[in-house]
Amino acid sequence: MMKKRDLKSLYSWAGSIVASSTPKKTEKRAKREQSATSEVESLAQDSHQGSYEKEDGFTVPSDTAVALRMIHGQFPKIDKVSVPPFVLISQVYSIVKDRTLVDRELEVMKQDKDVRVFKLSTGQDDFAIMFFDDYVSQVNAIKSRLDGKHPSEDLVIFDWYINHILPIHMDAGITDFHLESILSGVGHQIQERHISLLIKAGLLVRQLAHERSYWLAIPNIGSLLKSLSQGRKELLSLLNRRQYKEVLLSILEKKKLRMSQLDMRFHVRDLLGSGQLFLSHTPAGILVRIPRD
Amino acid sequence: MWQMVGRRETGRLPPHKFRALLQKTRLYSIELAGHKEIASAHKSGVNSLQQIDATEARYLLSGAADGSVAVYDIEQATAYDHSTRTSKHEALFMVDKRVLNGHLYSVSCVHWYPIDTGIFVTGSFDNFVNVWDTNTTQVELQFNMSKKVYSLSMSTLATTHMLIATGTDDTRIRLCDIASGAFTHTLSGHRDSVWVVQWSTRSEWVLVSGGCDGAIRFWDIRRAGCYQILDQQCSQIGRRPPVLKKSSRTHGREDNLCTKYLNASSPIRQRGQKRSFGISAVDSRTAHYGSVAGLQMTADGLHMISAGTDSRLRLWDVESGCNTLVNYPSTYIRGNKGIQMAVTPDSSLVFTPSLNAILVYDVWSGHSYSSLRGHYDQVNCCAFHPQGQELYTGSNDRKILVWAPRRPIDIDNFDYEDAEQAIKADEDAWSD
């Protein structure tokens, strides 16, 4: 049973992990540390979700929740596009060793409507996790951006999306049939122009394999997906060009990727989780290498 | 080990636990067998599939890509090599395209007749399913499926029927009857070719099939249409909780998660289980993002492991049709035909071929125990021998390898003359 004293030490440990990562400049480091520790402390507010122990009104957050918050706090700052931070599931796998536990706790968090999981088009196994509130605020931002250009009876689809479709439908994909049945269940009639408005906003993306079915998507994510795939390729080629296909992590962190807006730490965690990179501990520090087999 | 024997002697360890512990330690130490070797009779071919017969567990059947089929006796060796102390097992016979009505192209699946080893069935890419008589090594019956045969299966529990289920390039699954020589059933519902078919180990009427469209369908052959489609989105945390509420209170944390999930999410479970009036023809639920490459039921028939070309293994609870969300990391499964996995009879370990190695996972937690490396090319199939606790694997490098638990050095057959010679050579004149 964890006491209050241990919870404080848990938060300070999580904060120290955030702080001990190696950002490049000191003034940016102070700012990032502040935002990260505030993220970690927000664990106290919503730690009753996604947790499995209750004691004195304080609940211990699950491993996956702590890892999600930590990586969320370390999302790189991107100018030009306004996308709220998301976490790739391979990054969570690189932190929490037991993958079955991650899958199960993530399922519980999905049911509790803490997070939303999206399938990305960059690969067969790429899933992005975003906090539910962030996603809802993003949808509202899009609605206000399209406000002047479309009649209001069309814009009501965004409200229906947030209030009816998102809470009920937990999957990453949805079909026309499901959309119609969910909305007719609450008395609304969905039409073609509503669906085309959602596609234009970037919230639905057509599935190539099946007719009339769509993937739920994060809006404005196109450039980030390009950065993601190009950054991965660049990092792997950087390692492949070397003679022994390995490099010290401290040297790697200082490099900047030319083709990606996301930082090095994001890509390293992602490739670690998907099994394309391995870490080994050496007397000279942590070594990142590409496995030979 | 001796401590375990001592505890058994004093009665602190019950006999069934002693046996289970011993079996478990042996299983987890599986490696390339030094004492046994199978001399593969296949020439320029790929070992497609193997099957150890259910009755005597003595004969191994293998099919290769040049259309040849061979049978090996894995108990009795044909030759014994004293220098390396390995027993060599050569093929008892081999049939190929030179036999009348033999297969012309690659043999994709082989199966012993479940009752005895007098008959075996093979399916091949030359569109034919052949039923062979083992003693005369001739083709007795031939079924012409008009497309490539990817997989076939016969039910080991069947007492009333002798049906061969075949999965072909066609979207329909056809059941062939040995007794009448005709096709009895045609099961349609898949939207692309069917790569794997398996009969259930719980009921003789239930057939499971996995297709290139990524769907896994359950068919009851007494009714029309499939009664269940597995959906990867429909999931449950761990095993299902017990039915009685009072017994669920004594279970641990994991089942608390499970009951919590069940209370909150009944709409999703209902969507995943349309038991009432059949399933619509356009049902597009998939079990895998790619094609289904392998299916393996556990021995008790309550769970099933499926492998897909999205390089994922999933564990399904058969009764509820839900994905139990066990994550088996770092598999690599690609290709244009099925693979064959093996599960130990007590359902503790699953062996999966993945590129040049066989990966060993714990079924319930997804923990990866080891990867067995020994083949030079892609591994296609595994078969587990329950009594000897041995694993037989076949691959594109034309070899069948045997993997067995580590053996202690055989002291009885220790060669004393060699040892004496070694000692004599060591004696030198430097002492006194």
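Laid out as a table, the results:
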{"quantity": "Extended-chain gain in nm, criterion 0.36 nm per residue less alpha-carbon gap, residue B:3 and residue B:319", "calculated": "109.6 nm"}
{"quantity": "Counted charge near residue A:78, where neighbours are those whose Cβ lies closer than 13 Å (Asp, Glu -1; Lys, Arg +1)", "calculated": "+1"}
{"quantity": "Of B:43/B:97; B:36/B:88; A:119/A:256; B:147/B:337; A:119/A:226, pairs whose Cα-Cα distance is over 18 Å", "calculated": "A:119/A:256"}
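Each reported figure results from applying straightforward, stated rules to the coordinates on display, with no laboratory input. Predicted, not measured: the structure shown is a model, and the values here were computed from it. All Cβ positions, even for glycine, are placed from backbone atoms using ideal geometry, and neighbour counts span all protein chains on display.
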